[in-house]
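Enquirer: Before anything else, here's the structure in question.
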């Protein structure tokens, strides 16, 4: 690692192969925590290159615990995290709304690093038991239309750096990797990113997969559709700028989508919304993100139809039924 660090400290970058080797070695426990912290800090001081990100992704996908779902067409809705906004669990709620609308979901998530409650925190609080056995996850997909993949159980390198990331408490390149290394390799992805540079990198990488995708970035810094301002939307077909009024029927204020101070508070907010008891603003944000995901699946001819399906899923109780079924299987 000393050689790699000296190379990086000279403002040089890693090749795709070098980046892959570093991540493989991290997962093997070849480096101590101080070396890993120094390595991660480099990417807090400069932008990551596409080659480096590809190499890191190659390593995680090569090493990950594989899962197979017999040709199911799967969706994931995930943000990079690291926007520092501490919203409620919008992406995770949207996954249940999408599942309630009939689209099977393999949600990839982790504990929060820069927010109070990441998707893994809230799922654990709600009674979900993390697992990586294929049969158990397949049963969840079959019966609840959704399963949850807790990243450290599938990625040895993520487990190795979990404590370091939590102690640092700031966004690292691992935030950028999360959405790209879902072990289920979903067919459709709605990816939220925290800045436009990250949107450009994701656009390049996701174009190469040949799968439908949608990248979203709220221009005021959220890694999801926040409805607090305009949203940049990038798909394989091009880019658009959408207003809160178009995408969610109204604009909301930052305090309307606050996620609470503890995991317990976050879980209470989650349950209130999924039971159909959320505020107008909370529901609007969930509908917007869910609708954008449903449109990405190609099953809806217009955004309006996808939006109506999202509303129906939540208000009919189908989204909540998916959660109840999933937790009942634990």
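The values are calculated or read from the model by the stated rules, or taken from the named source; none is laboratory data. Quantities reported herein were computed from a predicted structural model and do not represent experimental measurements. Because the Cβ atoms are built from the backbone with ideal geometry, glycine has one as well, and the counts that use them run over all protein chains shown.
Enquirer: Can you confirm whether residue 98 is within 17 Å of the chain's Cα centre (by Cα) and not in a loop (DSSP other than H, G, I, E, B)?
Expert: Yes; evaluated as a whole, the condition is true for this residue.
Enquirer: Looking at this structure, is residue 118 under 21 Å from residue 54 (Cα atoms), touching a strand residue (DSSP E or B) at 6+ places or on another chain (Cβ under 9 Å) and crowded, with 20+ Cβ neighbours inside 10 Å?
Expert: No; evaluated as a whole, the condition is false for this residue.
Enquirer: Could you tell me whether residue 12 is exposed (fewer than 14 other Cβ atoms within 10 Å of the Cβ), assigned to a loop (DSSP other than H, G, I, E, B), more than 18 Å from the chain's Cα centre (by Cα) and modelled with pLDDT of 95 or more?
Expert: Taking the combined requirement at face value, the residue satisfies it.
Enquirer: While we're here: Which ones in region 101-135 are in a helix (DSSP H, G or I) and in contact with a helix residue (DSSP H, G or I) (Cβ under 6 Å, 6 or more places away or on another chain)?
Expert: Hits for region 101-135 are 119, 121, 122, 125.
Enquirer: Taking the condition out of contact with any helix residue (DSSP H, G or I) (no Cβ under 9 Å at 6 or more places or on another chain) and in the same structural domain as residue 293 (by TED's automatic domain parsing), does residue 84 pass?
Expert: Here the answer is yes, as residue 84 does meet what is asked.
Enquirer: Tally time: how many residues in region 264-311 are surrounded by fewer than 20 Cβ atoms within 10 Å (Cβ to Cβ) and either outside the structural domain of residue 112 (by TED's automatic domain parsing) or part of a helix (DSSP H, G or I) (or both)?
Expert: Total satisfying the criteria: 12.
Here is a yes/no grid of residues against (1) over 17 Å from the mean Cα position of the chain (by Cα); (2) closer than 21 Å to residue 44 by Cα; (3) surrounded by 21 or more Cβ atoms within 10 Å (Cβ to Cβ):
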{"residue": "122", "(1), (2), (3)": "no, no, yes"}
{"residue": "167", "(1), (2), (3)": "yes, yes, no"}
{"residue": "192", "(1), (2), (3)": "no, yes, yes"}
{"residue": "204", "(1), (2), (3)": "yes, no, no"}
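Enquirer: Taking into account only those residues within region 70-87 that are surrounded by 19 or more Cβ atoms within 10 Å (Cβ to Cβ) and at pLDDT below 95, which is nearest to residue 261 (Cα to Cα)?
Expert: Looking at residues that are surrounded by 19 or more Cβ atoms within 10 Å (Cβ to Cβ) and at pLDDT below 95, I get 87.
Enquirer: Can you go through 130, 154 and tell me which one is without any contact (Cβ under 8 Å) to a residue 24 or more places away in the chain and in contact with a strand residue (DSSP E or B) (Cβ under 9 Å, 6 or more places away or on another chain)?
Expert: Only one candidate passes the filter, namely 130.
Enquirer: For region 144-252, give me every one of the strands (runs of 3 or more DSSP E) that falls completely inside it and has 1 or more residues that are in contact with a helix residue (DSSP H, G or I) (Cβ under 7 Å, 6 or more places away or on another chain).
Expert: It comes to 146-150, 188-192, 213-218, 231-235.
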